[in-house]
Amino acid sequence: MTSILGMRFFESSKYVLRTAHNYMAMPAILSGKFIKKLPKDLGDIVIQAAKDSAKLQLDWAIEYDRRNEKLLKELHGVKVTEFNKADHARAREICRNLQIENARRIHMEKEQQLIATLAEKY
């Protein structure tokens, strides 16, 4: 909802389908060599800080999404619809097949499988 509000998409479209797929946190990218050179207690602190940061970013994204959905509805007359469970499952299946096909095409089947496994956990 934040992107829709910020990019003013509500000016050209008054309907949004919430698909529950776009919460993103910025990754912490660190060199494994760097972390291994640190004393263990400092390395643990750096790793924990990265995890805490990702969690906080996700919490903020959810908070802003809810706040901006309310603004879109109240100030701009946007109507928000959500998939029912059956439609959501069908959309995930369609996307899964495309993800597998694309992973094969770029020779990243193992990575795609790892991502799929993680997605099921969360």
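The values are calculated or read from the model by the stated rules, or taken from the named source; none is laboratory data. Just so it is clear, the model here is predicted, and its values are computed rather than measured. Backbone-built Cβ (ideal geometry, glycine too); neighbour counts: all protein chains shown.
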### Message
Pull out all pairs, ordered by first then second residue, where Cβ-Cβ is under 9 Å, the residues are six or more apart or on different chains, the first lies in region 63-75 and is outside the structural domain of Val16 (by TED's automatic domain parsing) and loosely packed, with under 14 Cβ neighbours inside 10 Å, and the second is among the aliphatic types (A, V, I, L, M) and modelled with pLDDT under 95.
### Response
none
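Conditions (1) touching a residue at least 60 places away in the same chain (Cβ under 8 Å); (2) in contact with an Asp or Glu (Cβ under 8 Å, 6 or more places away or on another chain), marked per residue:
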position: Ile29; (1), (2): no, no
position: Lys33; (1), (2): no, no
position: Ala61; (1), (2): no, no
position: Val80; (1), (2): yes, yes
position: Lys85; (1), (2): no, no
position: Ala91; (1), (2): yes, no
### Query
Which condition breaks for Gln57 when tested against (1) under 19 Å from the mean Cα position of the chain (by Cα); (2) in the same structural domain as Ala119 (by TED's automatic domain parsing)?
(2)
#### Entry: Within region 93-114, tally of residues that are in contact with a helix residue (DSSP H, G or I) (Cβ under 9 Å, 6 or more places away or on another chain) and either in a helix (DSSP H, G or I) or polar (S, T, N, Q) (or both)
11
### Message
Among the listed residues Ala103, Ala116, Ala91, Ala86, identify the single one that is among the hydrophobic types (A, V, I, L, M, F, W, C), exposed (fewer than 13 other Cβ atoms within 10 Å of the Cβ) and out of contact with any strand residue (DSSP E or B) (no Cβ under 6 Å at 6 or more places or on another chain).
### Response
Ala86
#### Entry: Scan of region 70-103 for residues that are charged (D, E, K, R) and modelled with pLDDT of 95 or more, ordered by number
Lys70, Lys73, Glu74, Lys79
### Query
Taking only pairs six or more apart or across chains, which ones have beta-carbon atoms under 6 Å, a first residue in region 45-58 that is in contact (Cβ under 8 Å) with a residue 60 or more places away in the chain, and a second residue that is assigned to a helix (DSSP H, G or I) and not hydroxyl-bearing (Ser, Thr, Tyr)?
none
### Any chance Ala28 is hydrophobic (A, V, I, L, M, F, W, C), surrounded by 12 or more Cβ atoms within 10 Å (Cβ to Cβ) and in a loop (DSSP other than H, G, I, E, B)
yes
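Taking Lys14 as the residue in question, decide whether it is among the basic types (Lys, Arg), within 24 Å of Ser3 (Cα to Cα) and either modelled with pLDDT of 90 or more or not assigned by TED's automatic domain parsing to the domain that holds Met1 (or both).
Values: among the basic types (Lys, Arg): yes; within 24 Å of Ser3 (Cα to Cα): yes; either modelled with pLDDT of 90 or more or not assigned by TED's automatic domain parsing to the domain that holds Met1 (or both): yes.
So Lys14 fits the description; yes.
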